[in-house]
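Asker: Quick one: the structure is below, and I'll ask about it shortly.
Nothing in this text is a laboratory measurement; each read-out follows from the coordinates by a stated rule. This is a predicted model, so every value here is computed, not measured. Because the Cβ atoms are built from the backbone with ideal geometry, glycine has one as well, and the counts that use them run over all protein chains shown.
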Amino acid sequence: MRSWVRKLVMTSAVMGALFVGGAVSAAPEKQIIDVAHSSLDFEASSFLIDTEGTFKSWQGEVMLDREDIAKSSVNVAVDARSIDTRIEKRDEHLKSTDFLDVAKYPNITFKSTGIKKTGDKTFELTGDLSLHDVTRSVTVPVTIDRLQDNYSRFRSAFSVSRSAYGITFDSKLNPIQDELKIKLVLNIKKPS
């Protein structure tokens, strides 16, 4: 009888340790960006008209820790050649050496370096943004729309200085503001 009780107590202790240990040491899970249901848009203001556009080809990976968002990480790669403002002639100009110079710099990348929780559903994401052969640290606000086991959504809106990345082209007839407005809706899911 004592042997049976001792085994039961030992088994319970081991199971408890495994359960608690597993909950504490849960590693971030790999998620991929569902680009078909996400968007990466921008707006550039100028004297005559504001230009809105998007990038049609991009991909990324999120290592998501639902219990502690600060332990998560994000990597995104954007094909700069996929820029689309709905006007082909303007797109070709944006791809030229005046702006993105996509023949020389075909990719725009972001790699997170830190995440800081700022509220129940908000945090600040800091990372290295590489554009036009220049890498700078940026911090952007992010809001959690949905945080589920199989599908999650995040939103962000922020500005980037194009001159900080060496993109300084301007027009005397239509002066372009330095700040680009970026709007991101990010849906992520487990890899299939």
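Asker: Among 26, 45, 174, whose Cα sits farthest toward the positive end of the charge dipole of the chain (+1 at Cβ of Lys/Arg, -1 at Cβ of Asp/Glu, about the Cα centre)?
Answerer: Positive-end residue among those listed: 26.
Asker: For Kirkwood radius over Cα pairs in Å, pick the label among (1) 19.1; (2) 20.5; (3) 17.2 that corresponds to the value derived from the coordinates.
Answerer: Given (1) 19.1; (2) 20.5; (3) 17.2, the structure-derived one carries the label (1).
Asker: Quick one: check the C-alpha center-to-center distance for region 137-188 versus region 80-116, whole angstrom.
Answerer: When both Cα centres are located, 13 Å separates them.
Asker: Could you line up 165, 105 from fewest to most neighbouring Cβ atoms inside 10 Å?
Answerer: Ordered by Cβ neighbours within 10 Å, fewest first: 105, 165.
Asker: If the limit is 24 Å between Cα atoms, which of 56/172; 56/116; 71/189; 117/189; 116/183 go over it?
Answerer: Among 56/172; 56/116; 71/189; 117/189; 116/183, the Cα-Cα distance tops 24 Å for 56/172; 56/116.
Asker: Here's something else I'd like to know. Can you put 87, 182, 115 in order of Cβ neighbours within 10 angstrom, beginning with the fewest?
Answerer: Ranking 87, 182, 115 by Cβ neighbours within 10 Å, fewest first, gives 87, 182, 115.
Asker: May I pose another question? Only loop residues by DSSP count here, and only those with at most 13 other Cβ atoms within 10 Å; note down the trypsin sites (Lys or Arg not before Pro) in region 80-176 that meet that.
Answerer: The qualifying sites are 86, 104, 172.
Asker: Can I ask one more? Measuring from label point to label point, each 7 Å out along Cα→Cβ, what is the residue 66 to residue 36 span in nm?
Answerer: For the pair residue 66/residue 36, the computed spacing is 2.3 nm.
Asker: Say the dipole of the chain comes from +1 at the beta carbon of Lys and Arg and -1 at that of Asp and Glu; which of 126, 59, 147 then lies farthest toward its positive end?
Answerer: It is 147, whose Cα lies furthest towards the positive end.
Asker: If the elastic network links every pair of Cα atoms under 10 Å, which of 100, 48, 131 fluctuates the most in the Gaussian network model of the chain?
Answerer: With Cα springs under 10 Å in the chain, the top fluctuation among 100, 48, 131 is at 48.
Asker: Residue 133 to residue 149: extension gain in nm, 0.36 nm per residue of separation minus the Cα-Cα distance?
Answerer: Between residue 133 and residue 149, full extension yields 2.1 nm more.
Asker: Another question about this same structure. Using the alpha-carbon atoms, what tilt in degrees (0 to 90, nearest 10) does helix 2-24 show relative to the longest principal axis of the chain?
Answerer: 10 degrees
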